[in-house]
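This report refers to the structure that appears directly beneath it.
Bear in mind these aren't lab numbers, they're just calculated from the coordinates by the rules spelled out. In this text the structure is predicted, and so the values were computed from the model without any measurement. Quick reminder, even Gly has a Cβ in these numbers, built from the backbone with ideal geometry, and neighbours come from all protein chains shown.
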Ligand SMILES: [Zn+2]
């Protein structure tokens, strides 16, 4: 297949294509297992293979993909025909940033392929978790495992050839109870980084048992808790909440295609403009943000993107000032041309496609906040006069340009004069993105930093679900409106 694809790429070049790439997926497997109240609710799996061909012709893209690789010539001709048709209507001819030809491979760190683990072991694990969750106060309990394993080969007309083998494991647990006012309360736990690998071995029974016990205890505290007050307070976000704040109001806002208006029809735009790079004060000087696809063991680390660019560690916000974006080869060229200055010196290596039959677009890698100098969680609490600690998203609503937000958290802990006083339920907070990030008044140290996995970020039209990570410390913001 590799040789045949190479021949097709050469043929398309002779027919006038200025660039061609092929992504061949010999195999992609996914599976989901879920248990609801002791019953197997979901046990689905899928397996697919195929190839996608992308052709650039006179400044326009053409794409075609199929799982039937019996007639590669027809498949490739279709991609070229699509590009020819698009070239007649192109408004901004596509240019691609320079890159090196790469012969390499990437394998995600995984010791045990989850697809080689017997189904009975997986179901037994979930049944054990379900049993641990089945305690007083819990009216519904849910536990889920998701697995993904894929092999891909990328070849392009510029001499690159990259093989990738990627394995992902995701897990989450949730308990639901009804409080004294008849309202539903919930507490959940999601697998985050465990050790240096992300295969089946990351499903550590003791770790899940410990967290199952904790979420049941916290649910029971919620069932008898008062409502979150409606007032202004300092908000201390634990990584389980802080990751979403970062995802929605930094990550999505800094996707370069979105900034250039390409996502408006579906996922929305961004309040950020090309003029903002190098000068917008996005947050307080404590804020340092990076798109780090080099981090070991995260779904946001994938070796090479789907343009064949090596993964990078790109600074997005430096001491509060906006300096970078989430970028791929095409958008950096267009942004520099539109801005009439060089904002981006090359691709940031963040173009990814969710499947062989989708084209790559800018996706978050690991959008991380650097640990700060404000100590451990206890230190931050001790230095907070009137605050609330929040964990785990329960609801979210974000302006289409990411300029405002309103988030609900599963649980809140009121802080008065440096002490944690009580749990509150129905906790929410809201704000304006720039004002909020500028109110960042404490960033926790390395001990508070956690890598949270995101299994289902959606973007693009047609929709593409992507996996990524957020390495996040505990952060405190001042003067935030809560409870409404
Ligand atoms: Zn997302």
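Tabulated data
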item	result
Gap separating the Cα centres of segment 290-361 and segment 76-146, nearest whole Å	19
Rg [Å, one decimal], Dmax [Å, integer] - segment 285-345, C-alpha atoms	13.0, 38
Isotropic mean projected area of the C-alpha convex hull, segment 202-278 (nm²)	9.6
Distance histogram for segment 301-399 (every C-alpha pair counted, 10 angstrom bins, percent rounded to whole numbers)	12, 30, 30, 18, 10, 0
DSSP-defined antiparallel bridges as percent of all bridges, the chain, nearest 5	90
Volume per residue that the Cα convex hull of the chain spans, once the total is divided by residue count, Å³	138
Full-stretch length increase - residue 463, residue 136 - with 0.36 nm per residue and alpha-carbon distance subtracted	113.7 nm
Unit Cα scatterers, Debye sum, segment 75-178: log10 I(q)/I(0) for q = 0.14, 0.16, 0.18 Å⁻¹	-0.80, -0.88, -0.99
For segment 45-119, radius of gyration divided by Kirkwood radius, i.e. Rg to Rh on alpha-carbons	1.15
Pairs of Cα atoms farther than 11 Å apart, segment 170-215, %	70
Cα-only Debye scattering, segment 125-278: base-10 log of I(q)/I(0) at q = 0.14 Å⁻¹	-1.00
Among 405-413, 205-213, the order from most to least packed when residues are scored by Cβ within 10 Å on average	405-413, 205-213
Over segment 17-159 - Rg/Rh using Cα atoms and the Kirkwood inverse-distance radius	1.18
Distance histogram for segment 1-50 (every C-alpha pair counted, 5 angstrom bins, percent rounded to whole numbers)	5, 16, 16, 11, 10, 9, 8, 7, 7, 5, 4, 2, 0
Relative contact order of segment 85-217, defined on C-alpha pairs under 8 angstrom at six or more residues apart (%)	30
Rounded D (µm²/s) - segment 414-484, Kirkwood Rh over Cα pairs, Stokes-Einstein at 10 °C, 1.306 mPa s	104
Principal axis dimensions, largest first and in whole angstrom, of segment 241-304 by Cα	33, 32, 25
Per-q log10 I(q)/I(0), segment 168-245, q = 0.22 Å⁻¹ (Debye; single scatterer per alpha-carbon; no solvent)	-1.13
Gain upon complete extension [residue 30, residue 74; 0.36 nm per residue less C-alpha separation]	13.0 nm
For 475, 311, order by how many other beta-carbon atoms lie within 10 Å, fewest first	311, 475
Hull volume in cubic angstrom per residue (convex hull over the Cα atoms of segment 329-464)	161
Likely footprinting exposure, 437, 449, 396, fewest C-beta neighbours within 10 Å first	396, 449, 437
Rg to Rh quotient for segment 219-341, alpha carbon positions, Kirkwood Rh	1.06
Packing-based order for 93-101, 72-80, 285-293, using average beta carbon neighbours within 10 Å, highest first	285-293, 72-80, 93-101
Inter-part distance where segment 1-32 and segment 430-484 are each reduced to a Cα centre, Å	37
Cα long-axis angle, helix 119-133 against the chain (0 to 90 degrees, to the nearest 10)	30
Efficiency of FRET from Cβ geometry, residue 355 and residue 15, R₀ 25 Å, rounded to 0.05	0.40
Relative packing of 220-229, 137-146, which averages over residues the other C-beta atoms within 10 Å, highest first	137-146, 220-229
Over the chain: helical MRE at 222 nm, DSSP H runs n ≥ 4 each giving -39500 (n - 2.57), nearest 500	-6000 deg cm²/dmol
Diffusion coefficient, µm² s⁻¹, Stokes-Einstein with Kirkwood Rh over alpha-carbon pairs of segment 387-435 at 4 °C and 1.567 mPa s	111
Cα convex hull of segment 137-202 - mean projected area over all directions, nm²	7.3
